1. Mind checking which of 20, 157, 326 has the largest fluctuation in a GNM of the chain, springs on alpha carbons under 10 Å?
2. Taking the Cα centre of each part, how many Å lie between region 221-265 and region 346-409?
3. More than 28 angstrom separation, counting every C-alpha pair in the chain; what % is that?
4. Residue 132 versus residue 186, label points 7 Å from Cα toward the beta carbon: distance in nm?
5. Any idea what angle helix 415-424 forms with the longest principal axis of the chain, computed on alpha-carbon atoms, 0 to 90 degrees, nearest 10?
6. Quote to one decimal, in nm, the extra length available between residue 18 and residue 321 on full extension: 0.36 nm per residue of separation minus the C-alpha distance between them.
7. Whole angstrom only: what separates the Cα centroid of region 23-76 from the Cα centroid of region 133-187?
8. Using the alpha-carbon atoms, what tilt in degrees (0 to 90, nearest 10) does helix 2-15 show relative to the longest principal axis of the chain?
């Protein structure tokens, strides 16, 4: 009954237009009243504890790093390097976009921010080259699902905090699925555009490729440095966020010189606003998670799913369907914060590696970014590509279907994640 009270309160609050963070707080209060244990002191203590996390401090720094990169010319140089590398292939601008998204994902960790930043560059570029605008926009939208999987990943940080598992191992475990997703997107584009009369650019000489590489070297070195530092234990994910922000600031101001001192205040303000939304969500979700635990909801979920605990694959498939359906109506961050403490006991009882589960779970949540009515990435891509939502949905579905197939493969064959993790993550 506690779960019913929570869901009814949450859905009711969302329907009347209450922001999701306040809806979570409202749901928490509803549970306290139902349990006849309302205590404002406990409410405020859990609210404070939800944001008082060293690991969560990585989020505002990575967001700030992304702002510095966008304004400092790093994004543009990543696109130029990718174009020099594969722009000569038939339909090469699409592959340029996918590679640029992969490289950019390794620095920003947010699908919505990546869609806005790269969409504004890549969609007009593809349109001017006579690519179909709808297909180009669909590719950019679907491709930016890479951002929350490729480290550094804001959703993986949130899952790691909620689940109490190593964020570094989550980051390393996310690399293999990001590469798989890159390959899947390339294959899907090949078949989707096979009948289109797509232009090709002249093959760049080795000298031009090396020039583009050297010009973008400062941008390309950042994700490599972060991953090596995390793997070696040189710094924590939070410290990596600080390093990324300082690095991007230095490169933007003094190397590429496209970031101006006059831009800094705006960068800080925009980043603070974005980070505050996530941090407040984390705080509100902690209240609900604690009260759901007090109400014995995790144990109830374990009992409900107990018939499938001996069949981990079926259990994962059931969770996938549940998460995708919820993702159609709720954003990624609250899904992770609400469901992680509820599902984790079931996962542990089934003997599923929580690191593997975390990566697949976040990938499941990402599907909601491409499905209406919420579909934040869909909305951003639709505005950036200047096409209607109806045409946007039609354009993205082949890529969405391919990504769902990839999730099914990761569920059926956990070794696709576990083997690379054992080799590189320990």
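1. 326
2. If we compute the Cα centre of each part, the gap is 28 Å.
3. Value for the chain (Cα pairs over 28 Å): 49 percent.
4. 2.2 nm
5. With rounding to tens, the tilt is 80 degrees.
6. Difference between extended and current length: 106.5 nm.
7. 21 Å
8. Between helix and principal axis, roughly 50 degrees.
Where a number appears in this text, it was derived from the coordinates with a stated rule and is not lab data. What you see is a predicted model, and the numbers here were worked out from it, not measured in a lab. Methodologically, a virtual Cβ is constructed for each residue, glycine included, from the backbone with ideal geometry; neighbour enumeration extends over all protein chains shown.
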